[in-house]
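Trainee: Before we start, here is the structure in question, set down as structure tokens.
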Amino acid sequence: MSGAREEPMTFKVGEKVVYPAHGVGIIDSIQTRVIQGKAQTFYMLRILDNDMTIMIPTDNVAAVGLRRVIGKDMVSKVYQILRERKKKKPVDQQTWNRRYREYTEKIKTGSVLEIATVLRDLSVLKADKELSFGERKMLDLARNLLVKELSIAKAHPEEKIKQELEQIFSQ
């Protein structure tokens, strides 16, 4: 973008978006509510995975990390990260809780590339040793978040995406 100020991202009712750490949701409505005497406009976001509704102030979109589902160009970058094995840092030398905190921070960013990194690193680690309970939950969360978004981005059923991921990590 060439301007000095970035325009705030706006969404339409019915649009599918990604909310960090919760995954893909759909904008069900845009509502104005009076809170502490001040009118505020909210996106009413329904998370597809669990039907939870989240109210997001329209002027707070950037701060919470709400974003559009990735496009085809980003899909190939995700798969590239998932297939990358050579840059294996000494993950197994860190304590599990340090890794867990690091992975939690990456997932909180909402970046699909960071989530792909978490999935890759934990999948590679799982092949070498047993994961802690927290790491297994983190692996499942990262896989679930990626499957949902890739399924929408590629317009493929989730089952097909799961098979693709299994194939990548079984090599």
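Trainee: Between Met9 and Leu48, how high is the FRET efficiency from 1/(1 + (r/R0)^6) when r is the Cβ-Cβ distance and R₀ = 22 Å? Nearest 0.05.
Mentor: Efficiency at R0 = 22 Å is approximately 0.70.
Trainee: Give a residue-ordered list of calculated ³J(HN,Hα) values for the range 10-19 (Karplus: 6.51 cos²θ - 1.76 cosθ + 1.60, θ = phi - 60°; whole Hz; x for Gly, Pro).
Mentor: Karplus values, whole Hz, x for Gly and Pro: 10, 10, 10, 4, x, 6, 8, 9, 10, 10.
Trainee: Sort 39-52, 155-168, 105-118 for me by packing, meaning the mean count of neighbouring Cβ atoms within 10 Å per residue, highest on top.
Mentor: 105-118, 39-52, 155-168
Trainee: With +1 on the Cβ of every Lys and Arg and -1 on the Cβ of every Asp and Glu, and nothing else charged, how large is the dipole of the range 32-171 about its Cα centre, in debye rounded to the nearest 20?
Mentor: For this selection, approximately 340 debye.
Trainee: Another one. Can you tell me how much longer the chain between Lys162 and Leu113 gets when fully stretched, taken as 0.36 nm per residue apart minus their C-alpha distance, in nm with one decimal?
Mentor: Length gained, Lys162 through Leu113: 15.9 nm.
Trainee: Next question, about the same structure. Hey, if you put +1 on the Cβ of every Lys and Arg and -1 on every Asp and Glu Cβ in the chain, which of Leu122, Ile56, Ser151 ends up farthest toward the positive end of that dipole?
Mentor: Leu122
Trainee: About its Cα centre, what dipole magnitude does the range 16-68 give when the only charges are +1 on Lys and Arg Cβ and -1 on Asp and Glu Cβ, stated in debye to the nearest 20?
Mentor: Value, rounded to 20: 140 debye.
We did not get these values from a lab; they are worked out from the coordinates using the rules stated. As the structure is a prediction and not an experimental result, all values here were calculated from the model. Heads up, the Cβs are rebuilt from the backbone with ideal geometry, glycines too, and the neighbour counts pull from every protein chain shown.
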